[in-house]
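Right, one structure below, let's go through it.
Every number here is computed from the coordinates shown, using simple stated rules; none is lab data. The structure displayed is predicted, hence computed values, not measured ones. For neighbour counting, all protein chains shown are included, and Cβ atoms are generated from backbone atoms with ideal geometry for every residue, glycine included.
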Amino acid sequence: MKIASEQEMLDFGKEFAKKVSPGQVIELLGDVGAGKTTFTRGLAEGLGVKESITSPSFTISKTYALPGGKNLVHYDFYRLPDPGLMSEDLSESIGNPNNIVIIEWADSVANLLPENHIKITISYNEDDTREVTL
Ligand code: ADP
Ligand code: MG
């Protein structure tokens, strides 16, 4: 699927929120600047998050409260090739049925993700649009 602009990516994320339920894990694949965090911002908005989403590159994880006592937990393991204690944190998050967990750069924690998790790949097209593959 072709995504022509940042706004379209936000809209796609927002629309995708309708298909996601607590207990699910989403892995985002794609290079730096592909649009993983932008997708997450749209998803968060669609799920009812009012605060703005920023990249959790330094904090590794950020949790956003959702209506109904659920949470969106956003991870970014880009700066953490060896997840160490964050592995436990991630496993706990995934094990909590109230959480929707979304992860950027999950390579180092691939063994912790449920087999049936959702994978979304974002790549660049030559014309600077993005290609999203589910
Ligand atoms: P990532 O998290 O994958 O590193 P970000 O979402 O932080 O990427 O950044 C994507 C950047 O690319 C943003 O600055 C955004 O404005 C820009 N951009 C341009 N075109 C698109 C598009 N079609 N989809 C998503 N982002 C786009
Ligand atoms: Mg990002």
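Of 91, 123, all but one fail to be farther than 20 Å from residue 59 by Cα and of a type in the set (Gly, Ala, Ser); the exception is 123. Once the stretch 76-102 is narrowed to residues that are among the acidic types (Asp, Glu) and under 25 Å from residue 41 (Cβ atoms), the residue that is nearest to ligand 1 (Cβ to nearest atom) is 76. Number of residues in the stretch 91-126 that are in contact with a Phe, Trp or Tyr (Cβ under 9 Å, 6 or more places away or on another chain) and without any contact (Cβ under 8 Å) to a residue 60 or more places away in the chain equals 5. The number of residues in the stretch 10-22 that are touching a helix residue (DSSP H, G or I) at 6+ places or on another chain (Cβ under 9 Å), surrounded by 14 or more Cβ atoms within 10 Å (Cβ to Cβ) and under 13 Å from residue 100 (Cβ atoms) comes to 4. Restricted to the stretch 83-134, the set of strands (runs of 3 or more DSSP E) holding at least 3 residues that are farther than 20 Å from residue 69 by Cα comprises 118-124, 130-133. Looking only at the stretch 47-56, decide whether some residue is more than 22 Å from residue 3 (Cβ to Cβ), more than 10 Å from the chain's Cα centre (by Cα) and of a type in the set (Gly, Ala, Ser). Yes, there is a match, as at least one residue in the stretch 47-56 is more than 22 Å from residue 3 (Cβ to Cβ), more than 10 Å from the chain's Cα centre (by Cα) and of a type in the set (Gly, Ala, Ser).
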